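The values are calculated or read from the model by the stated rules, or taken from the named source; none is laboratory data. All of these numbers come straight from a predicted model, not from anything done at the bench. Reconstructed Cβ throughout: ideal geometry from the backbone, glycine too, with neighbour counts over all protein chains shown.
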């Protein structure tokens with residue numbers, strides 16, 4: 001199945017790096033958003049998006065709030081969400097998992113790690 | 001009758017003398033206290049210039065904070081522009097390299113097919129001198145394969161290097177969060193200093209509010225703990241926490257399932 005990614009990060013640099021990494025591991029379809037609010041608008045408007053990669057620290061609506069907002073909608077209960085952030089403390093990771101992100105990457109990351117996590121999420125059966 | 005009227009006056013006089021005694025003691029004590037009071041006044045007079053200096057110093061320091069904040073913001077913006085330019089170059093080089101690799105693959109395939117055609121000609125016309133010359137001057141398939149492998153390995157090495165540059169450029173996002181954190185800290189200091197100035201001189205705080213406002217509202221999204229650390233142990237730690245949490249969640253689901261039954 002071809003994946004269409006929603007890449008959410010307030011940093012232009014990071015969005016570009018994530019996109020480059022996705023291209024390098026063979027993905028071609030992307031939508032970008034600079035914060036949680038824009039991300040939710042774009043997700044609602046595009047039924048083709050089937051994978052979300054989001055940062056945590058963003059202005060306005062944070063990545064964590066965005067995840068909670070997404071998960072609150074039954075339509076997106078099984079939408080794969082990968083958190084990519086600088087926050088590496090145990091309580092942060094647990095908080096993100098409790099908000100129902102599927103997996104977690106700490107920055108700086110490599111395309112190999114990104115590929116590994118995407119494959120893990122796709123391979124995990126939906127509960 | 002007269003004796004009765006005189007009687008209360010004696011204690012009154014007695015009280016008056018006692019009060020005068022107290023007053024005398026107070027003056028004597030006051031006289032002793034005067035040098036101490038003078039010292040306090042002298043000390044306070046000496047302190048006023050010092051307080052004014054402190055006040056001026058705080059005002060100046062507070063006034064410099066917004067400038068520093070603006071400079072930090074411009075550093076963040078400049079590095080973002082520079083990183084974008086580097087990414088443009090890296091993207092261009094990566095695309096060119098991929099084109100080279102595709103063309104090289106195509107060339108190898110064509111040369112291989114040409115070699116096979118030559119071999120067929122040799123089989124068909126073994127004594128033809130032109131064909132013999134073509135075989136002698138043509139590319140050796142083994143040498144060709146070796147060169148191809150070397151160039152492809154080198155290209156992949158360059159591709160890896162370009163990707164490493166991209167990975168390292170994540171430092172921009174991390175440092176911008178650190179700078180935003182520093183800006184936030186400066187705003188807190190400015191607020192504290194402002195309240196201190198308010199205690200010293202109300203006029204100063206008014207001046208301060210007008211002249212030295214730091215606007216960093218756009219930079220509030222940051223992680224003060226952000227670190228640029230390429231150590232794989234960080235991701236390994238994350239993976240451990242994720243796995244532990246998933247195991248706990250699975251166990252919770254199983255427990256819930258059995259409790260329902």
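If you scan the range A:1-16, which residues turn out to be surrounded by fewer than 18 Cβ atoms within 10 Å (Cβ to Cβ), in contact (Cβ under 8 Å) with a residue 40 or more places away in the chain and over 19 Å from residue A:116 (Cβ atoms)?
A:4
Restricting to the range A:25-71, name every residue that is over 22 Å from residue B:221 (Cα atoms) and part of a loop (DSSP other than H, G, I, E, B).
A:25, A:26, A:27, A:28, A:46, A:47, A:48, A:49, A:50
Can you name every residue in the range A:1-24 that is over 14 Å from residue B:87 (Cβ atoms) and in a helix (DSSP H, G or I)?
A:22
Among the listed residues B:255, B:244, identify the single one that is more than 19 Å from residue B:76 (Cβ to Cβ), more than 7 Å from every other protein chain (Cβ to nearest Cβ), outside any loop (DSSP other than H, G, I, E, B) and at pLDDT 80 or above.
Working: B:255 fails: at pLDDT 80 or above.
Of B:255, B:244, the one residue that is more than 19 Å from residue B:76 (Cβ to Cβ), more than 7 Å from every other protein chain (Cβ to nearest Cβ), outside any loop (DSSP other than H, G, I, E, B) and at pLDDT 80 or above is B:244.
Go through (1) outside any helix (DSSP H, G or I); (2) modelled with pLDDT under 85 for residue B:126 and report which single condition fails.
Condition (2) is where residue B:126 drops out.
Return the total of residues in the range A:89-109 being in a loop (DSSP other than H, G, I, E, B) and touching a residue at least 24 places away in the same chain (Cβ under 8 Å). Spell out how you get there, then give the answer.
Residues of the range A:89-109 in a loop (DSSP other than H, G, I, E, B): A:89, A:99-102, A:107-109.
Narrowing further to those that are touching a residue at least 24 places away in the same chain (Cβ under 8 Å): A:99-101, A:107, A:109.
Count: 5.
Got at least one residue in the range B:85-101 being more than 14 Å from chain A (Cβ to nearest Cβ), under 24 Å from the mean Cα position of the chain (by Cα) and either surrounded by 10 or more Cβ atoms within 10 Å (Cβ to Cβ) or not in a helix (DSSP H, G or I) (or both)? Write out each step before concluding.
Just the residues of the range B:85-101 that are more than 14 Å from chain A (Cβ to nearest Cβ), to begin with: B:96, B:99-100.
Next cut, under 24 Å from the mean Cα position of the chain (by Cα) only: none.
Checked against the condition, which is being more than 14 Å from chain A (Cβ to nearest Cβ), under 24 Å from the mean Cα position of the chain (by Cα) and either surrounded by 10 or more Cβ atoms within 10 Å (Cβ to Cβ) or not in a helix (DSSP H, G or I) (or both), the range B:85-101 yields no hits at all.
Just name the residue that is farthest from the other protein chains (Cβ to nearest Cβ) out of those in the range A:17-55 that are surrounded by fewer than 22 Cβ atoms within 10 Å (Cβ to Cβ), out of contact with any helix residue (DSSP H, G or I) (no Cβ under 6 Å at 6 or more places or on another chain) and within 21 Å of residue B:95 (Cα to Cα).
It comes out as A:29.
Anything in the range A:102-127 that is closer than 16 Å to residue A:49 by Cβ and either in contact with a strand residue (DSSP E or B) (Cβ under 6 Å, 6 or more places away or on another chain) or at pLDDT below 95 (or both)? List them, or say none. Don't jump to the end; show me each part of the working.
Initially, the range A:102-127 is screened for residues closer than 16 Å to residue A:49 by Cβ, giving A:102, A:118, A:121-122.
A:102, A:121, A:122 - these are the residues of the range A:102-127 that are closer than 16 Å to residue A:49 by Cβ and either in contact with a strand residue (DSSP E or B) (Cβ under 6 Å, 6 or more places away or on another chain) or at pLDDT below 95 (or both).
Does residue B:150 satisfy the criteria of being modelled with pLDDT of 85 or more, more than 14 Å from every other protein chain (Cβ to nearest Cβ) and assigned to a helix (DSSP H, G or I)?
On the way: modelled with pLDDT of 85 or more: yes; more than 14 Å from every other protein chain (Cβ to nearest Cβ): yes; assigned to a helix (DSSP H, G or I): yes.
For residue B:150, the condition - modelled with pLDDT of 85 or more, more than 14 Å from every other protein chain (Cβ to nearest Cβ) and assigned to a helix (DSSP H, G or I) - is met.
Determine if the range A:70-83 includes at least one residue that is within 12 Å of the chain's Cα centre (by Cα), surrounded by fewer than 23 Cβ atoms within 10 Å (Cβ to Cβ) and under 25 Å from residue B:83 (Cα atoms). So that I can check it myself, show each step before the final result.
Going through the range A:70-83, the residues within 12 Å of the chain's Cα centre (by Cα) turn out to be A:70, A:79-83.
This time we only want the ones that are surrounded by fewer than 23 Cβ atoms within 10 Å (Cβ to Cβ), so: A:79-80, A:82.
Next, only the ones that are under 25 Å from residue B:83 (Cα atoms) stay: A:82.
Yes - at least one qualifying residue is present in the range A:70-83.
Filter the range B:156-198 for residues that are without any contact (Cβ under 8 Å) to a residue 60 or more places away in the chain and more than 14 Å from every other protein chain (Cβ to nearest Cβ); which is nearest to residue B:98 (Cα to Cα)?
Only one residue tops the list, namely B:157.
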